[in-house]
Amino acid sequence: MFDDLTDDELFAEVLQRRAGGAAVGAPLGALCERWARPARYVISKIQASYGRGSPADADELYQDAVGKFLDRGLDQFRGVSEQMPGRSASPKTFFLRIVKHVAIDFYRRQREDLAPGVSDPDEAMEEPASEVARAVDLSRRREERTEAQELYWRAFERLQQEHPKEAGAWELYHHQDVEDHEECARRLNISVVNSYKRVSRAQAYLRLYLLDLQQEGGHE
Amino acid sequence: MVVDALSRYQARREQLVRGGMSNGGSLEAIGDVLRRAERLGREGVEQALRGLTRADIDGWLRSQKPEALQPALLRAAEEAAEAALGEEGEEAEVWRTSSMDGLSARDRAESAARAIGEWESIHGTLDGEAAARWKAFRDGLGRLDTVLRPKARWFIPLNPQRRAERDILDTAERTRAWWFTERAECDDFLAALSARPERPSPHLQSCGDCRADLSNTEAVEVPPKRHLSADDLWRFDMGMMSAVELKWVDGHTEKCIECAQAIWALEEGDEAIEQAQDEQAAPAARGSRSMENPARRPGAARHPEQREVLEERREFRVVLVRERQRARLLVQPLAGRAVTAAVFLAPGKPSLKPQQGPEGLQFDLGTGGGRTAHLMVRVGNSEIFERDFSF
């Protein structure tokens, strides 16, 4: 149906239909189908980079990337093209960038999920029950750790809103690994004493916010 | 002029005896005295209660909104923290006074409620809409306390003043009056908020609330490091990061193998995109230039090589491969473990870029031997192995 259109013409058709509120599934599907082979090639390179992955993963990642391109990519592409000409050369390149990021994000998350739980397969064969219990325990602990980290970051967001100077010093000292008050003071253009004070106040507020959040969670 | 708490309530009682207060003022003063009767006696209370009619009580209840106390108390909590953690001196005193006003507002509402209860014991219970309003008032205070009582730790900076108030309340009143009594002995918690002491004070050792609060906030003592998020990676890739952010990325990826690997993956993805574009630009060449990785093509030229196992562990093996003039290091994952690695040829310089190959991670050490390098291998999310090696 769209065979006689170039990629750019087909993409223009997608944008035009979208602007008019019409369904874009058919032209976008045709476009993504044309890009499926290079997309799978990009995915295979990311898989090689992470040393894992399967053809089934590749299908899933490709579908995910198409979904992201449809959800946000079309608008993002327009924004990037207008604000940073040259960064996105063509819709195809932009789509392949999305593919690349979807794949990298997937394998980064997979590493986080799998690493602590993977064990010697021989042991798993010998002691399946204990392995299951261990897996359940690890999963629970991972969930708790994730939850604790989420709460921490929410507490930090509140610190940023309510005490931005303290949050800035904390961010530099702890999150950005500076861990040196002289360097913090230099970067923030404040005295070393003030760097100490800000980081120390930040810690106190973070504790209070964290406790509030934990209790609010308990009431929900 | 600073007036001690007892003198202040004695003055309230005298004012009550003299009469002439508004209905609301009378209710609060009656309750203030009743809740401190062990110290103040009950002089003037009954007379004042008999002077209040059913309409007076109903009129006062109509004007009450207990929920309005919530923002006042939340503000008071922030002010108390500011008194302790902000600038010292006069400014701290201003915060302390303002915060104490918030707690006093909650206490006055409690006094009025106590006075209405006492009024009912003389005049009989309220009925109809007045009874509903009276119930709504008490329920409102209950909801307020449910939300705010767990935040009592915020008021620890006011403890000297709170203890003074607590100590003149009748014993039976103290449990309800959390705003003056809860965590009123936890002064040591304040110092521990900013820096947990190496040797906890006797209070911190024995107080369950303080111990729980400190234990529940241990995450703050070892804050999670910031890593490159998916959004960071996107902005990095699209050239949208500021110079400061880019500097952070450079510094971070020198220490964090996983984020460095994400940056390498971006580069490898870019190479793949370029190859895919070339493929489209020169379809005729497809037959001779496949998108397959040339390094993995079967039959790729191989050269005689020498292999030396530098380290063999359950999770990985490190092999130094010397091939003609070149040397490379292989880090081979074993037993299905997720392994990342970095090789540093000089301190402070970024790691060599690893290539993922059929045998595992591979680092090209270049030509010319007689050098040393530092290897870091990370297994899963936590175990880290490090060693120097020569090649």
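No lab work stands behind these numbers, since they all come straight from the coordinates. Bear in mind the structure is a predicted one, so any value in this text is a computation, not a measurement. Virtual Cβ from ideal backbone geometry, glycine too; neighbours counted across all protein chains shown.
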Whole-Hz Karplus ³J(HN,Hα) for the stretch B:334-340, in order, using 6.51 cos²θ - 1.76 cosθ + 1.60 and θ = phi - 60°, x for Gly and Pro?
10, 6, x, 7, 7, 10, 10
Calculate, axis by axis, the spread of Cα positions in the protein assembly as shown along the three principal axes, and write the results as whole Å, longest axis first.
108, 64, 57
Peptide A:3-12: average number of partner chain Cβ atoms within 10 Å per residue?
0
Between B:Phe316 and residues 5 or more places away or on another chain, the pairs with built amide H atoms under 5 Å apart involve B:Leu334
Amide H contacts under 5 Å for B:Gly366, placed H, 5+ residues apart
B:Ala327
Would you mind giving the mean number of other chain beta-carbons within 10 Å of the Cβ of each residue in B:263-275, as a whole number?
6
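If I stretch the segment between B:Leu246 and B:Ala68 completely, what's the gain in nm (0.36 nm per residue apart, minus their alpha carbon distance), one decimal? Display every interim value, and only then the final one.
Working: separation 178, 0.36 × 178 = 64.08 nm, distance 4.75 nm.
Difference between extended and current length: 59.3 nm.
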Mean Cβ-within-10 Å packing, highest first, puts peptides B:235-242, A:170-177 in the order A:170-177, B:235-242
Whole-Hz Karplus couplings 3J(HN,Hα) for the stretch B:65-78, θ = phi - 60° and coefficients 6.51, -1.76, 1.60, Gly and Pro as x, run 9, x, 5, 5, 6, 4, x, 5, 6, 5, 5, 4, 5, 4
Return, in residue-number order, each cysteine of the protein assembly as shown whose C-beta is not under 4.7 Å from any other cysteine's C-beta.
A:Cys32, A:Cys184, B:Cys186
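Once every DSSP H run of n ≥ 4 in chain B is given -39500 (n - 2.57) and the sum is divided by its residues, what mean residue ellipticity at 222 nm do you get, rounded to the nearest 500 deg cm²/dmol? Display every interim value, and only then the final one.
Working: 17 runs with 202 residues, N = 391.
After summing the helix terms and dividing by the residues of chain B, the value is -16000 deg cm²/dmol.
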Rounded to the nearest 10, the angle in degrees between the Cα long axis of helix B:128-148 and the longest principal axis of the Cα atoms of chain B comes to 40 degrees
Other chains' Cβ within 10 Å of A:95-103 residues: what's the mean?
5
Cα-based reach from B:Lys255 at 29 Å (exclusive), listing lysines while leaving out same-chain residues under 8 positions away
A:Lys45, A:Lys100, A:Lys165, A:Lys197, B:Lys225, B:Lys247, B:Lys349, B:Lys353
Computed ³J(HN,Hα) along the stretch B:157-171: with the Karplus parameters 6.51/-1.76/1.60, θ = phi - 60°, integer Hz and x for glycine or proline, the list is x, 9, 3, x, 5, 5, 5, 4, 5, 4, 6, 9, 6, 4, 3
